[in-house]
Amino acid sequence: MIALPGHETRSRAGRPMRADARRNYEQLVEQAKLAFAEYGVDASLDDIARRAGVASGTLYRHFPTRLDLIETVLAEQIAELVDLGRTLLTAEDELDALSTWLRAVVTHALTYRGLAAAVMNSALNRDKNLVSTWHAELFEAGVALLTWARRSGAIVADADDDDVLKMTGAIAWAAQDAPDPSAQADRLLALLLNGLRNGAHPQRTGD
């Protein structure tokens, strides 16, 4: 499990968790990821505890509110996307690396859109910097991949970082209500990537 600011495997008193408590915590987060992906933000917390093999009281000791659990799941997912972006900077193909990361971002947005909305809707009453921190981390990872692809000539030189990343978010938003959201998102993302690539490598039409 990735260590996350504000969501380390520590007790609420600040002490490191015992091994059994850490296992319970990790199982709860893992099962919450699966349940939220399948049922959305209203997934049964008691069912999550049952799937994790712990009592409901154990879940509430780690996560006193539903939002605490939602934030932990989202924080871990964001950390994984950021880590993926950094790892892909060592790939052999710059465009393929960018494509892989953008597709992962779209998949995340489609899968956990309800969780992100829940956190944003509560931001006025909780940590206002949380969502902006996640956005900044994702933006930094995306910019690094775009810069690498741009410098290598894999994408057009004038591809604006902010525009590309906003369009990626818009793809997830546009596809979410389609009969097959993943297929629609793949088609829209292919259009975006083709636009970025074709300008960098124009096809010759003959003399």
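Derivation of every value follows stated rules applied to the coordinates shown; laboratory data play no part. As the structure is a prediction and not an experimental result, all values here were calculated from the model. FYI the Cβ positions are ideal-geometry reconstructions off the backbone, even for glycines, and counts take in every protein chain you see.
Could you tell me what fraction of 2.2 N^0.38 Å the Cα radius of gyration of segment 33-80 comes to, as a two-decimal ratio?
1.08
For segment 11-100, what Kirkwood radius comes out of the mean inverse Cα-Cα distance, in Å?
Value: 14.6 Å, from the Cα pair sum.
Taking the highest mean first, how do the peptides 103-115, 83-95 order by number of other beta carbon atoms within 10 angstrom per residue?
103-115, 83-95
Using only the Cα atoms of segment 37-144, what are the Rg and Dmax in Å?
15.9, 48
What is the ratio of the Cα radius of gyration of segment 86-191 to 2.2 N^0.38 Å, where N is its residue count, to two decimals?
Scaled against compact globular proteins, the figure is 1.14.
What's the ranking of 133-146, 62-75 by average number of surrounding C-beta atoms within 10 Å, highest first?
62-75, 133-146
How big is D, in µm² s⁻¹, for segment 60-102 by Stokes-Einstein at 20 °C and 1.002 mPa s if Rh is the Kirkwood radius over C-alpha pairs?
Result for D is 178 µm²/s.
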